[in-house]
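Notes for the one structure printed next.
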Amino acid sequence: MANFNLFLPELLKAEGGYQNKISDRKGNTNSLGQMVGTKYGISAPVYEAYIKRPPTVSDMKNLPLSTAVLIAKKYYWDACNADEIENQSVANLIVDHYFNSGKRMFVKQVLKDRFGAKIKVDSKISRDTIALINASNPEFLHFELKKSREKYYRSLGGVNLRGWLNRLSRFVFEKKKPKPNNHTIAFAKPSYSYAWDWLVFTNKKAFQK
């Protein structure tokens, strides 16, 4: 199963210290409309939910790394039920996107569009969603999730695009010996109606030449 302690170093590589950029007004602004910044990727609204009052600039600047780690675990990793995801690379990609964008529904959209899952596309990652994730080919799922994230970032564009794409490029699939799965689930194979995606995926080396 995926482990938060293995995800954390990847997250910290992508997140920096304090910033209060105008280009991230939503993440930097507390409920009083004050731009107080972010630190370690923890936005002002999220820190406000944690301390139960609008944070000040001083609060954000003095946010301890240890507290940021607790918030990342509680509000992002646990919110995605990531401990129950079997593949670490897949879990990392899902949770990092939620941390970076606040979006979780892209997971279900990929499962529905690329794997033929008959599910409602919403932001909840329930145990049923986890079962579908774990029943999928993890490397192909990682490939499709990463492609979906790139599409999302490009749709936003702007001054942060290069940084987002650089962040995404760090998340590579690490092959490991699969663990036995004693659960039989009917949904287990990707839908190949998107044949081009599967062709590119299975011939990555040829396409990279």
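The values are calculated or read from the model by the stated rules, or taken from the named source; none is laboratory data. Computed from a prediction, not measured in an experiment: that's the story for all the values here. Cβ: placed from backbone, ideal geometry, glycine included. Neighbour counts: every protein chain shown.
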Select, from R25, R104, the only residue that is under 23 Å from W164 (Cα atoms), in contact with a strand residue (DSSP E or B) (Cβ under 8 Å, 6 or more places away or on another chain) and surrounded by fewer than 21 Cβ atoms within 10 Å (Cβ to Cβ).
R25
Let me spell it out: the conditions are (1) surrounded by 14 or more Cβ atoms within 10 Å (Cβ to Cβ); (2) farther than 20 Å from N5 by Cβ, and K120 meets all of them except one. Which number is the exception?
(1)
S148 being touching a Pro at 6+ places or on another chain (Cβ under 8 Å) and either surrounded by 13 or more Cβ atoms within 10 Å (Cβ to Cβ) or within 17 Å of V172 (Cα to Cα) (or both):
no
Of the residues that sit in region 123-145 and are touching an Asp or Glu at 6+ places or on another chain (Cβ under 8 Å) and charged (D, E, K, R), which one is surrounded by the fewest Cβ atoms within 10 Å (Cβ to Cβ)?
R127
Taking region 94-105, which residues are over 18 Å from A131 (Cβ atoms) and either touching a Leu at 6+ places or on another chain (Cβ under 8 Å) or assigned to a helix (DSSP H, G or I) (or both)?
D96, H97, Y98, F99, N100, S101
Among the residues of region 136-145, is there at least one that is under 25 Å from I42 (Cβ atoms), modelled with pLDDT of 95 or more and of a type in the set (A, V, I, L, M)?
yes
